[in-house]
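One structure is given here, and the rest of the page talks about it.
The values are calculated or read from the model by the stated rules, or taken from the named source; none is laboratory data. Not measured: the values here are computed from a predicted model. Quick reminder, even Gly has a Cβ in these numbers, built from the backbone with ideal geometry, and neighbours come from all protein chains shown. With ligands, DNA and RNA removed, areas are computed over all heavy atoms of the protein, side chains included. Shrake-Rupley method; radii C 1.70, N 1.55, O 1.52, S 1.80 Å.
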Amino acid sequence: MSDDEGVVRLATAEELAALPALELAADAQLVAYLGGASLPPLPEAAQAVASLAEAAAVLVAGAPPVGFARIDVIDGNAHLEQLSVLPSATRRGIGTALVRACCDWAARNGFGAVTLMTFAHVPFNAPFYARLGFQALDDAQLSAPLAAIRRHEVDLGLDALGPRVAMRRTL
């Protein structure tokens, strides 16, 4: 990892425009791992940028960004909605740095936990987050807002690609 890749900071408004393409490139790696299955289409770039601008925070690593984390607020906790790293920048600790920065941001802003949704058996998904202190939640542990996100994922067809899991890290 180069020095600038490891620096995680808040995204600038100008950087938001590049993040949908970064997410698309990262999703291609997931699609390859899942054997070519198709993911639900991402929103158009303009919609994606507008959505990113509405996030509680968007953290980036690198200049220009090689990875980003989108943080929303769900049910009074920070929620890691999206973590994406360019395939050419994986296995360098960038994802780990982004997740740790997300947790630091959440703690600094008074949140008691970080939640997320991910694929249960993809090595760079749930097992990765578990190594960083996240614990899987069963359906009975989901708050109403998290359960609504899970239902939305089912409606999008994500569960057809493999088991999904909600996870939480208490801060």
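Counting only helices (runs of 4 or more DSSP H) that fall entirely inside the stretch 1-118 and contain at least 1 residues that are farther than 24 Å from ARG131 by Cβ and open to solvent by 50 Å² or more (accessible area, probe 1.4 Å), the qualifying elements are 19-33, 45-53. Would you pick out the residues in the stretch 133-152 that are open to solvent by 60 Å² or more (accessible area, probe 1.4 Å) and either outside any helix (DSSP H, G or I) or among the hydrophobic types (A, V, I, L, M, F, W, C) (or both)? Selection gives GLN135, ALA136, ASP138, ALA140, ALA144.
ALA140 meets the conditions (1) without any contact (Cβ under 8 Å) to a residue 60 or more places away in the chain; (2) within 24 Å of ALA28 (Cβ to Cβ) in every case but one. The failed one is (2). Taken over the stretch 134-145, the criterion of being more than 15 Å from the chain's Cα centre (by Cα) and either closer than 22 Å to VAL99 by Cα or of a type outside the set (A, V, I, L, M, F, W, C) (or both) is satisfied by GLN135, ALA136, LEU137, ASP138, ASP139, GLN141, LEU142, SER143, PRO145.
Can you find even one residue in the stretch 31-52 that is under 29 Å from LEU171 (Cβ atoms) and touching a Lys or Arg at 6+ places or on another chain (Cβ under 8 Å)? Checked against the condition, which is being under 29 Å from LEU171 (Cβ atoms) and touching a Lys or Arg at 6+ places or on another chain (Cβ under 8 Å), the stretch 31-52 yields at least one hit. Among the conditions (1) surrounded by fewer than 18 Cβ atoms within 10 Å (Cβ to Cβ); (2) touching a Ser or Thr at 6+ places or on another chain (Cβ under 6 Å), ALA130 misses just one, which is (2). Here VAL122 passes the criteria (1) closer than 12 Å to HIS79 by Cβ; (2) open to solvent by less than 30 Å² (accessible area, probe 1.4 Å); (3) assigned to a loop (DSSP other than H, G, I, E, B) except the one numbered (1). Scanning the stretch 73-99 for residues that are among the charged types (D, E, K, R) and over 12 Å from the mean Cα position of the chain (by Cα), we see that the one that is nearest to PHE124 (Cα to Cα) is ARG91.
How many residues are modelled with pLDDT of 90 or more and not in a helix (DSSP H, G or I) when one looks only at the stretch 153-171? Number of matching residues: 9.
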